[in-house]
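Every number in this text was worked out from the coordinates using simple rules, so none of it is lab data. Model, not experiment: these values are computed from the prediction. Cβ atoms come from the backbone with ideal geometry, glycine included; neighbour counts cover every protein chain shown.
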Amino acid sequence: MNVFPDERDLSGGRHRDLKEFVMAEIQTRPRRNLLRPMILAPVLGVAAAAAVVLPLVLGGGTPAHAVEKNPDGTLTVTINEANDPKGLEANLRGMGYDVVVDFVPQGKQCSPRKRSDSWVPREQSKLTVFPPTVDMSDDPGYQLDLAKIGPGQTGVLMFAVGKEDRYVVAGIWAGISNGPVAPCELVDSDGAPLEVD
Amino acid sequence: MTTRARIRDGDQQAFGDLFDEFAKAVYNHAYRLTGDWSAAEDVVSLTFLEAWRLRERIEPEGGSLRPWLLGVATNVARNLRRSARRHRDAMARMPRPEAVPDFADELIGRVADAQHLDDVREAFVRLREHEQDVIALCVGTGLDYAEAAEALGVPVGTVRSRLSRARKKLELAATRRQVRGDRGTAVRPVKEST
């Protein structure tokens, strides 16, 4: 099956130009200032799956997480240290949102993977606002629209976290369950951290 | 010392050699995911910037770095919009293409691309993203199951099942398209002659 056009070379001097650019960038930019990657944990599952990433700076006396309410009613959640999921959960519950929050390290998965018998269809359960409608260029975070969680429903926020040097990179899985969800017990896994059934 | 080890240790000469060896592969892989040659150039730059930043994750021993690079490229392409914002300063410094050097070649390329796009892109873009990824890696770039699994960070069985599902969808779409194409041939020469 010929699915794609024939391969091309980078035209003219573009190979040289792009290489010069990349080499200049890596030579002149201090490592600590390099911007964070868009590395996403592969996400599977039948329910809504929206993945974004953000840089998380460890240490420095900053709060583990911050929740800011935006004028449009959405929230901006910034996670500075991925070590207090239940603290974040309590904050959000204190704001009136019925959610569960779990942090899933690399090499782990939530057990059971099927945490709900009934997920709200994806198109109705996009808790993450992506691309964000608020400016987060200076303080990257997740924009969430938790008002979509209806009475009797439970919002589920799972963050994939990893530690590397001074940063934690996180992806998010967000969905809405029609009813309660099973608690997440972290178990060893070679699958994607945010894989759900 | 292996190329892997040299890059892991921050050897810029080795990294430059890596760029020379795999820029084309990344460029074409990025096009398959974005459908845009210009965006594919941006993905090339961002992929190698990310690869340099992530170099300490490279295992010192192992085979070609192509699967790993294509995995980075897959994620960069998938997140180009957000990536562009995060890399705003770098993007602003990126060298822009100069005037098209050979208009005829470019036009031929565009026509060929358009025909391919007409035939394929619609079906391809309707695939789920993770199905697009395995098609681009396995069918487009020619990675085997194990390499694609390494690129995507998923088990080999997952690659196999995703590829199987994606192929079935594309084959079904191609069958439907053939029917439509047959009906449309009567007017095609007229369009081409104008």
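Counting beta carbons within 10 Å around each of A:Phe4, B:Phe22 and listing the fewest first gives the order A:Phe4, B:Phe22. Long-range amide H contacts for A:Ser111: which residues qualify at under 5 Å (H placed 1.01 Å from N, peptide plane, sequence gap of 5 or more or a different chain)? Residues meeting the amide H criterion: A:Glu185, A:Leu186, A:Val187. Other residues with beta-carbon under 15 Å from the beta-carbon of A:Gly94 carry, at +1 per Lys or Arg and -1 per Asp or Glu, a net charge of -1.
Could you sort out which of A:Lys114/A:Lys148; A:Lys86/A:Lys114; A:Lys19/B:Lys169; A:Lys86/A:Lys108; A:Lys148/B:Lys168; A:Lys69/A:Lys126 sit more than 28 Å apart by Cα distance in this structure? Violating the 28 Å Cα-Cα cut-off are A:Lys19/B:Lys169; A:Lys148/B:Lys168.
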